[in-house]
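The values are calculated or read from the model by the stated rules, or taken from the named source; none is laboratory data. What you see is a predicted model; the values in this text were computed from it and never measured. Positions of Cβ are generated from backbone atoms using ideal geometry, with glycine treated the same way; all protein chains shown enter the neighbour counts.
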Amino acid sequence: MFKRTLRRLSAMNSIVFLLIFVFFGTVIYGYVAYRFFDKVDESMFLKVNNFTVVNGKMVPQSRNRFFFDPRIFILIRDDKGQVSTIFPHDEDDMENLLELIAYALPYQFETRTIENHSYRILDIPYRYQDNILHTERGPIVVKSIIAVSIVDSEIAALRDLLIIIVSGFVIGMIIIIIAGYYLARRSMIPIQSSWEKQQQFVADASHELRTPLAVVKSNAELILRHPDHTVEEESIRVTNIIREVRRMTKLVSSLLTLARSDANQIEIKLGLVSANEVIENIAEQFIPLAEMEGLTLQVELSEQLELMADKERLHQLLVILLDNAIKYTPPPGQLLITGAKQGSNLVITVEDSGQGIPTEDLPRVFDRFYRGDKARSREKGGTGLGLSIAKWIVQQHGGKIGVDNKASGGARFSIVLPVKK
Ligand code: ADP
């Protein structure tokens with residue numbers, strides 16, 4: 001699947017490069033050609049217009065710099081179509097020149113090639129009253145004046161430029177195809193990795209759902225085997241089913257949160273929140289639960305702590321951490337929540353006196369479905385998704401979450417959240 005996308009992406013990259021190359025190549029060639037011929041054309045135009053008939057003679061009005069341009073020939077065409085060179089008078093070139101101007105169109109610059117030489121031609125009809133010219137052949141009527149310029153050097157330079165552009169294009173195309181493929185491959189890496197993660201996520205989720213479903217199915221089948229039993233007699237199986245359904249509900253809700261977070265569908269509603277209030281509320285909820293498990297829960301808050309946050313999500317984050325602290329701390333144990341300001345950040349820690357987390361597992365605890373002790377996590381109703389959700393909440397607030405083990409034993413989760421007033 002990725003191979004096809006990769007091919008398409010490299011083809012698209014190459015086409016974009018190609019279009020840019022062709023565009024710039026054409027612009028450069030066009031501009032240079034225009035600049036070359038523009039100068040020649042200007043000289044030809046001025047030179048043609050410089051000649052008029054005065055008292056039967058064709059004379060230049062002024063001897064400006066165009067007059068001296070040796071590459072430009074001036075010819076005249078009479079009313080019978082006969083052509084004669086005027087300036088410079090050169091009978092040797094006459095044959096070529098005649099062929100050239102045979103089909104010249106009035107007022108149009110044209111480029112023609114004869115016998116490996118290229119010429120630019122301009123034919124301007126003669127508009128003045130005094131148009132009788134005395135020549136060796138007798139008087140003739142001047143119909144038009146024609147300028148012909150040799151443009152071999154311009155054509156040669158343009159040909160060289162074209163060769164450079166075309167070879168640049170060929171070399172560029174090879175580089176572009178290789179670079180396009182390389183760039184496409186590079187841009188595919190994050191897509192591929194997120195696709196693989198997503199695949200893994202779906203596979204893990206299905207796997208996690210299979211166990212509770214199997215438990216529900218087997219318990220229900222066992223109940224069906226004894227249709228005469230009372231609910232009381234089957235209470236253990238019914239309890240098993242309810243427990244597994246509860247676990248599935250929790251799992252599905254966590255999966256939904258993560259799937260929505262991946263799709264950026266969950267909005268974080270920031271508002272001014274008192275962290276003291278949130279922490280104290282949670283502590284109130286959790287103290288009886290902790291006591292039931294033979295644990296004590298303490299809160300240490302240095303001052304009034306306020307921050308811009310989503311209150312619900314902050315609450316959810318602390319519930320996840322405290323829930324874990326209770327799950328993974330055997331009695332008798334102590335849990336501690338602290339909150340303090342550090343510069344422009346608020347630092348909240350949740351620590352316990354439990355078994356801590358093996359050092360090699362520390363970098364993986366925030367991964368989806370990661371569970372250090374699978375049996376214990378499952379027994380305590382864990383899904384392996386709590387810390388992934390905690391990490392997502394912290395990231396959505398522009399903060400960081402980390403975990404380490406205390407020297408005295410037990411895990412310590414630290415959250416750094418920007419206050420952002
Ligand atoms: P679970 O539902 O399994 O608790 P979590 O994502 O919340 O999933 O946690 C991932 C794993 O991190 C747990 O399975 C456990 O091994 C480890 N863990 C989390 N919190 C603690 C803690 N306070 N003490 C020790 N281990 C912990």
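Listed residues 266, 241, 176; which is surrounded by 17 or more Cβ atoms within 10 Å (Cβ to Cβ) and under 30 Å from residue 309 (Cβ atoms)?
Values: 241 fails: under 30 Å from residue 309 (Cβ atoms); 176 fails: under 30 Å from residue 309 (Cβ atoms).
Checking each option against the conditions leaves just 266.
Could you pull out the residue among 360, 312, 351 that is away from the ligand (no atom under 15 Å from the Cβ) and either crowded, with 17+ Cβ neighbours inside 10 Å or over 22 Å from residue 244 (Cα atoms) (or both)? It would help to see each step written out before you state the result.
Numbers: 360 fails: away from the ligand (no atom under 15 Å from the Cβ); 351 fails: away from the ligand (no atom under 15 Å from the Cβ).
Of the residues listed, the single one that is away from the ligand (no atom under 15 Å from the Cβ) and either crowded, with 17+ Cβ neighbours inside 10 Å or over 22 Å from residue 244 (Cα atoms) (or both) is 312.
Residues checked against (1) surrounded by fewer than 11 Cβ atoms within 10 Å (Cβ to Cβ); (2) under 42 Å from the mean Cα position of the chain (by Cα); (3) outside the structural domain of residue 143 (by TED's automatic domain parsing):
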| position | (1), (2), (3) |
| --- | --- |
| 6 | no, yes, yes |
| 28 | no, yes, no |
| 35 | yes, yes, no |
| 44 | no, no, no |
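Here's a check for you: in segment 404-417, which residue that is surrounded by 21 or more Cβ atoms within 10 Å (Cβ to Cβ) and modelled with pLDDT of 95 or more is nearest to residue 344 (Cα to Cα)? Out of the qualifying residues, it is 417. Residue 11 falls short on exactly one of the conditions (1) buried (at least 16 other Cβ atoms within 10 Å of the Cβ); (2) over 30 Å from residue 142 (Cα atoms); (3) small (Gly, Ala, Ser), and that condition is (1).
Could you go through segment 323-337 and let me know if any residue there is farther than 20 Å from residue 270 by Cα, within 12 Å of the ligand (Cβ to nearest atom) and within 38 Å of the chain's Cα centre (by Cα). The answer is no; no qualifying residue exists.
Condition check: more than 12 Å from the ligand (Cβ to nearest atom) and surrounded by fewer than 19 Cβ atoms within 10 Å (Cβ to Cβ). Does residue 340 satisfy that?
On the way: more than 12 Å from the ligand (Cβ to nearest atom): yes; surrounded by fewer than 19 Cβ atoms within 10 Å (Cβ to Cβ): yes.
Yes: the conditions hold for residue 340.
The C-beta contact set for segment 343-369 (first residue more than 19 Å from residue 329 (Cα to Cα), second residue more than 8 Å from the ligand (Cβ to nearest atom) and part of a loop (DSSP other than H, G, I, E, B), distance under 6 angstrom, 6+ apart or interchain) comprises 344/419; 346/305; 346/419.
Check segment 200-209 and report whether any residue there is of a type outside the set (A, V, I, L, M) and either exposed (fewer than 11 other Cβ atoms within 10 Å of the Cβ) or on the phi > 0 side of the Ramachandran plot (or both).
Yes, some residue in segment 200-209 is of a type outside the set (A, V, I, L, M) and either exposed (fewer than 11 other Cβ atoms within 10 Å of the Cβ) or on the phi > 0 side of the Ramachandran plot (or both).
Take the residues in segment 363-384 that are more than 6 Å from the ligand (Cβ to nearest atom) and within 38 Å of the chain's Cα centre (by Cα); name whichever of them is nearest to residue 405 (Cα to Cα). Only one residue fits best here, namely 363. Among the residues of segment 385-421, those that are among the hydroxyl-bearing types (Ser, Thr, Tyr) and either part of a strand (DSSP E or B) or more than 11 Å from the ligand (Cβ to nearest atom) (or both) comprise 408, 414. In a residue-by-residue description of segment 243-254, the property of being under 24 Å from residue 349 (Cβ atoms) and modelled with pLDDT of 90 or more applies to at least one position.
Conditions (1) in contact with a Phe, Trp or Tyr (Cβ under 9 Å, 6 or more places away or on another chain); (2) within 24 Å of residue 39 (Cα to Cα), marked per residue:
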| residue | (1), (2) |
| --- | --- |
| 113 | yes, yes |
| 134 | no, no |
| 144 | yes, yes |
| 156 | no, yes |
| 171 | no, no |
